[in-house]
Amino acid sequence: MSMNAVGRPTRPEDTAETSAEFKSLTGGKGLLQYERLIFEKKDYTRTGVDFADIDISPSDLGDLVRGDDLGLPGLTEPEAMRHYVRLSQKNHAIDLALYPLGSCTMKHNPRLNEKMARLEGIGDIHPLQPTSTVQGALELMDTLAHWLKTLTGMPAVALSPKAGAHGELCGLLSIKAAHEAKGQGHRRTVLVPSSAHGTNPATAAFVGYSVREIAQTSDGRVDLADLKSKITDDVAAIMLTNPNTCGLFERDIVDIAKLIHDAGAYFYCDGANFNAIVGRVRPGDLGVDAMHINLHKTFSTPHGGGGPGAGPVVLSEALAAYAPTPWVVNSGNGYVLEEFGEDASAANFGRMCAFHGQMGMYVRALTYMLSHGSDGLRQVAEDAVLNANYIKASLQDIMSVPFPDGPCMHEALFDDKWLEGTQVTTLDFAKAMIDEGFHPMTMYFPLVVHGAMLIEPTETESKAELDRFIDTLRALAASALATKNNTDDVARFKNAPHLAPTRRLDETKAARQPKLTYG
Ligand SMILES: *Cc1c(COP(=O)(O)O)cnc(C)c1O
């Protein structure tokens, strides 16, 4: 047995019996106890709170008096706490290990951000307070807006959208309002490249546009010839992601912007993954008219179950007048919230949501910005890209890459060509990663790449952690390739995950026929 310097064992002895074969008596796994659903803990006799008896005459409520049990679980405070902590331990978390979901940008959230978001005067204010009592919060929003405009080189920003997809909606509604104001309401088509994130065509359709798909070249970029042939008089906008969802920079972006503008249309850029270029490239200089920025990706606020996020939209001069309300104005005599636009005939399309957006996310994102400074934010992009290229370079001799020429941006894309002749699919490989302690990468997206595996490490991972991840993937890849010649390793993949609290789920059935009751 190995011992550390003070003589404590550091690794369990290898035993013939693996934990996969061993079954505990209770269904628990080591220190992870089996956990029932909270509503299965049917005992309504206990409470974690000591309420005084209330004295309400039932006659006040008439026939509204409840006759049956409320049906809430009866738990003491420690029982309630343990229930949720046990559940949380059944999931992967960014605080447990690298979370390589491409396009999702799952990065460490500095604790400093959380501390700032909870400051008295920020964590406990209410959106209906008089603005004279929340001047600091409004100044914070104004400062965040200033940083976003400076980093993107754009003159206006709408802070209120609550996620990337909501930002897309905001951008397209601004574009629609601008076309209608210019008598161009007949423009009903939005161009979307075939590699786009699913939210792009979905947003266009939701706004009432029809979607025209643009082909991509063999090196993973927009096919300019195809684009030119599809720009007609009815085109309202193009929605383009840069870096695109193959993790590649669109080299022709300036030409694309010119083509679109010459046709009288607007250029919407999906800036969810601004983390790849922040501090290096200003989208305003590329000809972008509207772009959402996922604060919860680029500027490290929690998401993926830990949200909510925020998706502010920066707007060009051409679209600034169509920004939704509200916005913060520094009146020289304190900050005010412009809630209705400049006058009754203002061109803006109204509000995206009640109140002013996700204040807690503004605080976290601004904390990330200020703690990095402008030089640090540039390094965010550089390190995110460096880390992704390190992964690509360390794996491409064993796993195949669809676009091998040149560096990638913030994420490394692999396909499943290297699995040909093995008995393993992209899904099997991803599930086997769970047994090794890593969350799977994004799979089967982008749709244009067969069996895609999209890996994004982000800038917050150290080289040591990247090496651990790479070593794990190399070992798994070797095991997958071995299934070409023998069946010894097949079960490792086909039955994976072996060690997770729940095994392989029928995801299609879960989505199509969700079981929404228990018992
Ligand atoms: C994450 C993402 C979105 C959607 O953002 P949400 O905040 O999840 O709505 C859109 N486009 C791209 C490229 C993304 O990565």
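If each DSSP helix of 4+ residues adds -39,500 (n - 2.57) and the sum is divided by the residues in the chain, what number results at 222 nm, nearest 500 deg cm²/dmol?
Computed mean residue ellipticity for the chain: -10000 deg cm²/dmol.
Can you give me the distance in nm between label points at ASN330 and ARG46, each placed 7 Å from the Cα along the Cα-to-Cβ direction?
Distance between label points: 5.5 nm.
Given the peptides 363-371, 332-340, 49-57, arrange them by the average over their residues of other C-beta atoms within 10 Å, most packed first.
Result, highest mean Cβ count within 10 Å first: 363-371, 332-340, 49-57.
Check cross-link reach from LYS182 to the lysines: straight Cα distance under 29 Å, and skip same-chain residues fewer than eight apart.
Hits, sequence-local ones excluded: LYS149, LYS162, LYS228, LYS230, LYS258.
Based on alpha-carbon positions alone, could you give the equivalent ellipsoid semi-axes of the chain from the gyration tensor, as √(5λ), descending, whole Å?
Largest first, the chain gives 41, 36, 23 Å.
Mind giving me the nanometre distance, one decimal, between the label points for ASP262 and ILE125, set 7 Å out from Cα along Cα→Cβ?
Taking the simple label geometry, ASP262 and ILE125 are separated by 4.8 nm.
Among DSSP beta bridges whose residues both lie in the chain, state the antiparallel percentage, nearest 5.
Antiparallel: roughly 55 percent of the beta bridges in the chain.
Under 14 Å from the Cβ of PHE206, count the other residues' Cβ atoms, weight Lys and Arg +1, Asp and Glu -1, and hand me the total.
+1
Inverting the mean 1/r over all pairs of different Cα atoms, compute the Kirkwood radius of region 375-512 and quote it in Å.
Roughly 15.8 Å, rounded to one decimal.
What does the net charge come to around LEU248 if you take all other residues with beta carbon closer than 11 Å to its beta carbon, with K and R at +1 and D and E at -1?
It works out to a net charge of -2.
By how many nm would the segment from ARG251 to PHE39 lengthen if fully extended, with 0.36 nm per residue of separation less the alpha-carbon distance?
Between ARG251 and PHE39, full extension yields 70.9 nm more.
Rounded to the nearest 0.05, what FRET efficiency is calculated for THR150 and LYS417 with R0 set to 45 Å and r the Cβ-Cβ distance?
For R0 = 45 Å, the calculated efficiency reads 0.55.
Using the structure shown, select from LYS392/LYS515; LYS176/LYS417; LYS90/LYS509 the pairs with a Cα to Cα distance greater than 31 angstrom.
Too far apart for the 31 Å limit: LYS392/LYS515; LYS176/LYS417.
Share of antiparallel DSSP beta bridges in region 115-368, in percent to the nearest 5?
Within region 115-368, antiparallel bridges account for around 40 percent of the total.
Set the Förster radius R0 to 41 Å, insert the Cβ-Cβ distance between ASP375 and THR517 as r into 1/(1 + (r/R0)^6), and round the FRET efficiency to 0.05.
Given R0 = 41 Å and the Cβ-Cβ separation, E is 0.15.
Please give the net charge around MET361, taking every other residue with its beta carbon less than 12 angstrom from that of MET361, where Lys and Arg add +1 and Asp and Glu add -1.
Once all neighbours under 12 Å are counted, the net charge is +2.
Rounded to the nearest 0.05, what FRET efficiency do GLN184 and ASN91 have when you use their Cβ-Cβ distance and R0 = 60 Å?
E between GLN184 and ASN91, to the nearest 0.05, is 0.80.
What is the distance in Å between the Cα centres of region 293-338 and region 110-136?
Value for the Cα centre distance between the two parts: 16 Å.
When you count, for each residue, the other Cβ atoms within 10 Å and take the mean per peptide, how do 400-413, 477-490 rank with the highest first?
So the order, starting with the most tightly packed, is 400-413, 477-490.
When you count, for each residue, the other Cβ atoms within 10 Å and take the mean per peptide, how do 77-87, 101-111 rank with the highest first?
101-111, 77-87
Over the chain, average the accessible area per residue using a 1.4 Å probe and give it in Å², no decimals.
Using a 1.4 Å probe on heavy atoms only, each residue of the chain averages 51 Å².
Any chance you could check the Cα centroid distance between region 167-191 and region 454-519 for me, in angstrom?
42
The values are calculated or read from the model by the stated rules, or taken from the named source; none is laboratory data. Bear in mind the structure is a predicted one, so any value in this text is a computation, not a measurement. Because the Cβ atoms are built from the backbone with ideal geometry, glycine has one as well, and the counts that use them run over all protein chains shown. Accessible surface areas use protein heavy atoms only, side chains included; no ligands, DNA or RNA. Shrake-Rupley method; radii C 1.70, N 1.55, O 1.52, S 1.80 Å.
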